[in-house]
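Right, one structure below, let's go through it.
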Amino acid sequence: MIFAYVIGILVGIVTNLDQAKRHLQAEKSYLSDFLCEIHAISPTSELLLRVRRNHHHFLLISGVFDEKRIADLFPPHIQTVSIVYVYRAVLPYLPLFSTIEQKHMGAVAIILRSLRPASYSSGQIINSARICARELHFIVKGSVNVLYTKSASERATDTISDEMYGPQTFFGDAMILVPDETRVRLKIRIVCSSRSCHCFVFCKSDYNTLSGAYLPVAQAIAEQLDPSYIKRWIRCHN
């Protein structure tokens, strides 16, 4: 009994010295409290599942420390190497960035700082006319279906078939390329078609910030996007 007591004390000491473990426990406690508040307001809210899944995905991708903030403290000449190391597990799923990096060395580190992880469940609507989020999604795991609405098919001059996107692909070209001042309405609905879908999201607002600070990098991104999606996916209103 005394031996078990001593072992328990030693384990407690080691756990307290482990900053990563303490930080992870604090994150879980905060999440648990937040979910309890949501459950008290609306027990059937889909937000419960979405918050839990996105937070879990974020911890898997970024770890328990704020690696972006840590990397910002490094000298400029090793920041790129550090950020690439942090994202080394997901970079193979982002082939678009390798093309841009060949033209502009260090561009991948700039872009990766603007990405945020997102996770969706089967059947969940990612984007639609009602949501109309101006975002570019890079799929790491899972798949999505792009479903053309009835009105889009009727107005098309050629046959429009639904599309599917999987890992190492991206979608949302039109949402980045269309000007901010243009009012838009999506003619499609994007739905998660796998059990779960994990993505990295690049927002239009971050693209605009990138254009102001690093115009050549923003132009290189635009060159990799397909402008034909503007006509296929979007109905513009002046």
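The values are calculated or read from the model by the stated rules, or taken from the named source; none is laboratory data. Computed from a prediction, not measured in an experiment: that's the story for all the values here. Cβ: placed from backbone, ideal geometry, glycine included. Neighbour counts: every protein chain shown.
Scanning the range 188-204 for residues that are of a type in the set (G, A, S) and assigned to a strand (DSSP E or B) returns a single hit, S196. Taking the range 116-130 as the range and being out of contact with any helix residue (DSSP H, G or I) (no Cβ under 6 Å at 6 or more places or on another chain) and touching a residue at least 12 places away in the same chain (Cβ under 8 Å) as the test, the residues that pass are R116, A118, Y120, S121, S122, G123, Q124, I125, I126, N127, S128, A129. Taking the listed residues R232, R183, R189, the one that is surrounded by 13 or more Cβ atoms within 10 Å (Cβ to Cβ), on the phi < 0 side of the Ramachandran plot and in contact with a strand residue (DSSP E or B) (Cβ under 6 Å, 6 or more places away or on another chain) is R189, with no other qualifying.
Checked against (1) in contact (Cβ under 8 Å) with a residue 40 or more places away in the chain; (2) in a helix (DSSP H, G or I), K231 passes all but condition (1). Any chance the range 205-217 includes a residue that's at pLDDT below 95, surrounded by 14 or more Cβ atoms within 10 Å (Cβ to Cβ), under 20 Å from the mean Cα position of the chain (by Cα) and not in a helix (DSSP H, G or I)? No, the range 205-217 contains no residue that is at pLDDT below 95, surrounded by 14 or more Cβ atoms within 10 Å (Cβ to Cβ), under 20 Å from the mean Cα position of the chain (by Cα) and not in a helix (DSSP H, G or I).
Pairs are defined by a Cβ separation below 6 Å, a sequence spacing of at least 6 or placement on different chains, a first member in the range 68-83 that is surrounded by fewer than 11 Cβ atoms within 10 Å (Cβ to Cβ) and aliphatic (A, V, I, L, M), and a second member that is assigned to a helix (DSSP H, G or I) and at pLDDT 80 or above; no pair meets this definition. Number of residues in the range 76-118 that are under 27 Å from A133 (Cβ atoms), charged (D, E, K, R) and not assigned by TED's automatic domain parsing to the domain that holds V217 equals 0. Out of R113, R134, R88, one residue alone is free of Cβ contacts under 8 Å to residues at least 24 places away in the same chain and either out of contact with any helix residue (DSSP H, G or I) (no Cβ under 6 Å at 6 or more places or on another chain) or under 14 Å from V201 (Cβ atoms) (or both). It is R88.
Answer yes or no: is there a residue in the range 94-107 that is in contact with a Lys or Arg (Cβ under 8 Å, 6 or more places away or on another chain) and farther than 21 Å from T209 by Cβ. Within the range 94-107, none of the residues are in contact with a Lys or Arg (Cβ under 8 Å, 6 or more places away or on another chain) and farther than 21 Å from T209 by Cβ. Residues of the range 107-127 that are over 17 Å from A222 (Cα atoms) and more than 17 Å from the chain's Cα centre (by Cα): G123 alone.
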